[in-house]
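The values are calculated or read from the model by the stated rules, or taken from the named source; none is laboratory data. Since this is a predicted model, take the numbers as computed values, not measurements. Here the Cβ positions follow ideal geometry from the backbone for every residue, glycine too, while neighbour counts run over all protein chains shown. These area figures cover heavy atoms from the full protein model, side chains too; ligands, DNA and RNA do not enter into them. Shrake-Rupley method; radii C 1.70, N 1.55, O 1.52, S 1.80 Å.
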Amino acid sequence: MTEHRTAFVIKAFLLLVLLALGMPVCAELSITRGSATTMASSPRDAATEWIYTFKPGESFSEIASDLLAKNVSAGRLLQYNSIDNSATLGEGDRIRIPLSWLKRQPDPARATSVSGNVHLISGVDGHKKPLTKATLIRVGDEVLSAEGAATITLADGSEVRLSPNSRLIFNRLTQYGKSGMIDTRLRLNRGEVHTRVKPVIEGGARFEIETPSAVAAVRGTAFSLQTGPEGTSLQVTEGVVDFGAPNRTQRIPAGYSATVASNSTSELSIRRMPPAPEINPLPPVLTQLPAEMTWKREPAVNYRLDIFETESGRWVESREINDSRFDISRLDNGQYEIHLAAFDAQGMAGMPGILPIEVDLQARTANLLEPENEASVNDDMPEFRWTLNGENEVARVEIAEDESFRDLVTTSEWAPGTTALPSRPLSPGQYFWRVVTEAGGNSVATTQPRKLIVNGTLPPVRIISINYVDSQVRVFWEKVDTAANYRMQLAEEPGFNNIIKEATLPDTTAALRLIPGRRYFVRLKALSDGLLQSRWGPGRELYLE
């Protein structure tokens, strides 16, 4: 018995010695190799440290330069880790760095998509301006959505989707040098966010969203958060979220929702979310729209459907549905995620079923009907008719004076119909028209052009000025837009009964040689390539002394 107690005392003494020396009690890898030894640290120290693992080819000096603040030397970090020689460090070794020693700099977020009416309120001067794609969002800024929505990407790639009628404040956007750690703290004053947070690095990284009644602390998850006068609600679809009133949070796992009422005495209400609906499969690539999406409907259950653009995160559409079907239509070409969730008895959306789709619509060339090629019309607003050959297409008429359509005279509006009028009246003259069809926002098809004559009378040509130089007279006249050439007549009496010279000219000026001391009269009219009628402009007297 005495021997047993003696052995126990000796073991306990050795254990205390090992702990005092900071040596591991059980078998585990040391933090570093070489001359490094393991250091003991208090629980408080451990909570404020970050452990970095060396990657292939990295040196200690590079790591210290990239990660340490200016007032912290590399030698101090070696001493902190009880390392005598930095050359002993290599791939796979780990060093401990106090968080207070790391570089810190603000790292702005960026708006990656904006639709509708969304504004940015500057945290510096309070100036309010429309939020646009690629706008940087800095600490203190607020994003205010009215009827619009926005997707905002943080420095580490985490994504925050802001729904309509929401207000989000960016209280902290800090990055710890090149460590990959961030400290992000947002405040949702009202409205709703859908958030996908990249896994944060243990021991320092932080992502929190505060509301007037609750706080949500995240370590890598997907969740939705809504707040209003009644309180704050959370739905976790991936990972876990620490949620609740400040200093009274509980861990909420995926598949559960939680609610905190504005009344501070209210307890946290936690419920299992309705399961994701069973969505019937669709072809992964949709080449025709509309396409019918269907699912197995539970009795007396309504659903929430959201469509997100995969690449930009843009919130394309959100609606409530009390059916088991939905027509997918009017989407541009691209990749999307459709989220479908059932509402529970309290009106909270459950786990979403996610349907990834790709839209790849191809526009087809329309068939032109009227007017016929080389037709002439008496109406300055003629009607154009055609037929469409594709699905979910829009089309418009384009009208130009040249067959290459370099300069458009006018167009019709983009519309899914098969008839259109020009957006403004056409002056008499010759034109070319065609129909352009578009599908999916970026697939375009164009018909061959047709010639069209708009009948009418060309305006008379007015002479602007006459210049006399020696025995030569130069005549200038105004341009008629729809004229191809001009006809000039020269006579010796104002009635132009006896024409002494007549010529067709392509320009708006001509030089004449006249006999001095005799009176002449000149007039012009515009000529068209088509069947347009024209009349002579007023005559002008010419006299060369």
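When the helix-only estimate is applied to the chain (DSSP H runs of n ≥ 4, each -39,500 (n - 2.57), divided by the residue count), what is the mean residue ellipticity at 222 nm, nearest 500 deg cm²/dmol? The partial results should precede the final answer.
Values: 4 runs with 40 residues, N = 545.
Value at 222 nm, helices only, nearest 500: -2000 deg cm²/dmol.
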If ligands, DNA and RNA are left out, what is the accessible area of LEU99 with a 1.4 Å probe, given in Å² to the nearest 10?
-> 20
Computed FRET efficiency, Cβ-Cβ of GLU372 and ASP407, R0 35 Å: what is it to the nearest 0.05?
-> 0.90
What the Cα atoms of segment 453-513 span along the principal axes, largest first and in whole Å, is 43, 25, 16
Skip the ligands, DNA and RNA, and give the accessible area per residue of segment 418-545 with a 1.4 Å probe, whole Å².
-> 52
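Between rounded, prolate and oblate, where does segment 303-429 land on the alpha carbon gyration tensor, with a ≥ b ≥ c its root eigenvalues, rounded for a/c under 1.5, else prolate if a/b exceeds b/c?
Working: a/c = 3.41, a/b = 3.03, b/c = 1.13.
Since a/c reaches 1.5 and a/b is larger than b/c, the shape of segment 303-429 is classed as prolate.
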In order through segment 228-238: 3J(HN,Hα) via Karplus (6.51 cos²θ - 1.76 cosθ + 1.60), integer Hz, x for Gly, Pro = x, x, 7, x, 10, 10, 10, 10, 9, 9, 9
What residues qualify as long-range amide H neighbours of LEU131, i.e. H under 5 Å apart, gap of 5 or more or another chain, H built at 1.01 Å from N?
-> VAL118, HIS119, LEU120
Spelling it out for LEU186: with amide H atoms placed in the peptide plane at 1.01 Å from N, the residues 5 or more places away or on another chain with amide H under 5 Å from its amide H are ASN171, GLU208, ILE209, GLU210
In sequence order, what are the phi-derived ³J(HN,Hα) couplings for segment 93-98 according to the Karplus relation 6.51 cos²θ - 1.76 cosθ + 1.60 with θ = phi - 60°, rounded to whole Hz, with x for glycine and proline?
-> 6, 10, 10, 9, 10, x
Any aspartates and glutamates whose Cα falls less than 17 Å from that of LYS296, other than same-chain ones fewer than 8 residues away, would be GLU278, GLU320, ASP323, ASP327, ASP344
Please turn the phi angles of segment 305-322 into ³J(HN,Hα) values with the Karplus equation 6.51 cos²θ - 1.76 cosθ + 1.60 (θ = phi - 60°), one per residue in order, whole Hz, x for glycine and proline.
-> 10, 10, 10, 10, 6, 5, 5, 8, x, 4, 7, 7, 7, 8, 7, 9, 9, 10
Which label in (i) 208; (ii) 236; (iii) 297 gives the computed volume of the Cα convex hull per residue in Å³ = (iii)
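Which of the peptides 76-84, 145-153 is most tightly packed, and how do the rest follow, judged by the mean count of other Cβ atoms within 10 Å per residue? It would help to have the intermediate numbers written out before the result.
Working: 76-84: 16.7, 145-153: 20.4.
Peptide ranking by packing, descending: 145-153, 76-84.
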When the Cα centres of segment 75-140 and segment 273-314 are compared, how far apart do they sit, in Å?
-> 37
Farthest positive-ward along the chain dipole, Cα basis, beta-carbon charges - from PRO275, LEU369, ASN392 = PRO275
For the chain, with all protein chains present and a 1.4 Å probe, just round the carbon and sulfur fraction of the accessible area to a whole percent.
-> 48
Label-point separation, GLU62 to GLN472 (7 Å along Cα→Cβ), nm | 7.8
For segment 54-180, what percent of Cα pairs sit more than 19 Å apart?
-> 58
Anchor LYS501: lysines whose Cα lies under 27 Å away (excluding residues fewer than 8 positions away in-chain) | LYS479, LYS525
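Sort 345-352, 134-141 for me by packing, meaning the mean count of neighbouring Cβ atoms within 10 Å per residue, highest on top. It would help to have the intermediate numbers written out before the result.
Details: 345-352: 18.4, 134-141: 16.5.
Answer by packing, highest mean first, reads 345-352, 134-141.
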Beta carbons within 10 angstrom, averaged per residue: use that to sort the peptides 451-463, 274-286, highest first.
-> 451-463, 274-286
Which far-off residues, 5 or more places away or on another chain, put their amide H under 5 Å from the one on THR310, with H placed in the peptide plane?
-> GLN335, TYR336, GLU337
Under a 1.4 Å probe, what is the accessible area of segment 356-399 per residue, stated in Å²?
-> 51
